[in-house]
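The values are calculated or read from the model by the stated rules, or taken from the named source; none is laboratory data. In this text, all values refer to a predicted model and were calculated from it rather than measured experimentally. FYI the Cβ positions are ideal-geometry reconstructions off the backbone, even for glycines, and counts take in every protein chain you see. What goes into the accessible areas is simple: the full protein's heavy atoms, side chains included, and nothing from ligands, DNA or RNA. Shrake-Rupley method; radii C 1.70, N 1.55, O 1.52, S 1.80 Å.
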Amino acid sequence: MPDLAKPTAALVYSNELSQHVLSPNHPMRPVRLRYMHELMRASGLLDWPVLLQDVPRLASREEILRCHDADYVDAVRVIGSGGIVPSMHAFGIGPGDNPPRKGMYDSTALVVGSTLVATELVRSGQVPVAFSPAGGVHHHAMFNRASGFGVFNDAAIAIQGLTDAGLRVAYVDIDCHHGDGVQAAFYGTDRVLTISLHESGQWLFPGSGFVEETGEGEGTGYSVNVPFAPYTQDDVWLRTFDEVVPPLVRAYSPDLLFVQLGIDTHFTDPLTHLQLTTQGFTEAVSRLLALGTEFGGTVAVGGGGYDMGAVARAWTMATAEMAGFALPEQVPGSFDSVTGLSAFSDEPGPAPLPEDAAQEVEQYAGRSVEAVKSAFFTRFGI
Ligand SMILES: [Zn+2]
């Protein structure tokens, strides 16, 4: 029996985080979080006594200003209350990825607050790992503009709070897209090591995240990028992760690990081209959590993920991994928010690649590893 007095993990969530709609037919559907939570409930995970369950709070304007320009924050507030900001396009807001909408400010401030609550739970020592699944999807948000569904960069804001308190943080982003907003926030400092593994910007938004982006000024050598070719599958992805992430994080020796767990790497994701499975993703989470135990704990946020069934399963599996809960193999029949699901794991997964494609994918990852090693390993004494 687990020690009931000691939670093994925390989940920060309330259904309020799942109720807004960005625009009709927008691929980022916050309702995915409600589906995830319903699957957690159906699976018995929410009855697991050592999973601490907490709720988000609204982040204050001052907290948001840690990483964003005041004019931009005010523009989002005006738009969020139904007002008109003629210059909204200059702030990245308009039809498409980042549509203006009523409630925009409050719903995003709640996401930021969710990630701040998770961060406080780990930093105060209440839990070794806390998960804010609503967070992370804002990892493209920049200092003075919205980008790629991101408005206020919750991960950057939480990390900035930690560095303001004197801590050093390693940020590992496994979303299919380059974590450019978080990278940009800490590009000039050695207080945060950012590592992003993603489908190469050669093929995917935001078109950045190349190995050559290594930081600037005092931050030179503290921005790591590991691009993959389209169709990369679990084996190559995990092998690459192992070659790069644990050695760099250990050499940096942060006070805390902060991870972004986007699941748009999944082979059924409609927006991207990597081919991970839910079990491959969970394996990556497990390796990150093990790493976090060496360095003061792990704050985890969600991220991209546009296939509703993959999101619900993957983040339920990740939370179970954090809390030490054994999920059933099959998705419980009582869960019917997303139809057509059978097992938590993907059996079968994606079709094996034709030999020449498999070779190309492997060689592309190999070149990324070699480039990262030559740019960083000597500098870190590895
Ligand atoms: Zn993404």
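Which is open to solvent by 10 Å² or more (accessible area, probe 1.4 Å) and without any contact (Cβ under 8 Å) to a residue 40 or more places away in the chain, of 22, 58, 65? Among 22, 58, 65, only 65 is open to solvent by 10 Å² or more (accessible area, probe 1.4 Å) and without any contact (Cβ under 8 Å) to a residue 40 or more places away in the chain.
When 90, 42, 75 are screened for being farther than 24 Å from residue 298 by Cβ and without any contact (Cβ under 8 Å) to a residue 24 or more places away in the chain, only 75 passes. State whether one or more residues within region 163-172 are in contact with a Lys or Arg (Cβ under 9 Å, 6 or more places away or on another chain), polar (S, T, N, Q) and open to solvent by 10 Å² or more (accessible area, probe 1.4 Å). Yes, region 163-172 has at least one match. Does residue 123 qualify as being basic (Lys, Arg), touching a residue at least 40 places away in the same chain (Cβ under 8 Å) and out of contact with any strand residue (DSSP E or B) (no Cβ under 8 Å at 6 or more places or on another chain)? Judged against the criteria, residue 123 is not a match. Of the residues making up region 194-223, those that are within 16 Å of the ligand (Cβ to nearest atom) and crowded, with 24+ Cβ neighbours inside 10 Å are 194, 195, 196, 197, 198, 199, 209. The set of residues from region 203-242 being out of contact with any Asp or Glu (no Cβ under 8 Å at 6 or more places or on another chain), within 15 Å of residue 283 (Cβ to Cβ) and in a helix (DSSP H, G or I) comprises 235, 237, 239, 240, 241, 242.
Residues in region 224-241 that are open to solvent by 40 Å² or more (accessible area, probe 1.4 Å) and of a type in the set (Phe, Trp, Tyr): 231 alone. Taken residue by residue, region 242-256 has no member that is open to solvent by 10 Å² or more (accessible area, probe 1.4 Å), within 15 Å of the ligand (Cβ to nearest atom) and closer than 26 Å to residue 315 by Cα. When residues in region 183-193 are screened for being assigned to a helix (DSSP H, G or I) and either within 17 Å of residue 211 (Cβ to Cβ) or within 12 Å of the ligand (Cβ to nearest atom) (or both), 2 of them pass. Close contacts from region 131-152, counting a first residue that is closer than 14 Å to residue 205 by Cβ and a second that is more than 10 Å from the ligand (Cβ to nearest atom) and among the β-branched types (Val, Ile, Thr), with Cβ to Cβ under 8 Å and a gap of 6+ residues or different chains, come to 137/111; 139/182; 141/151; 146/76; 146/93.
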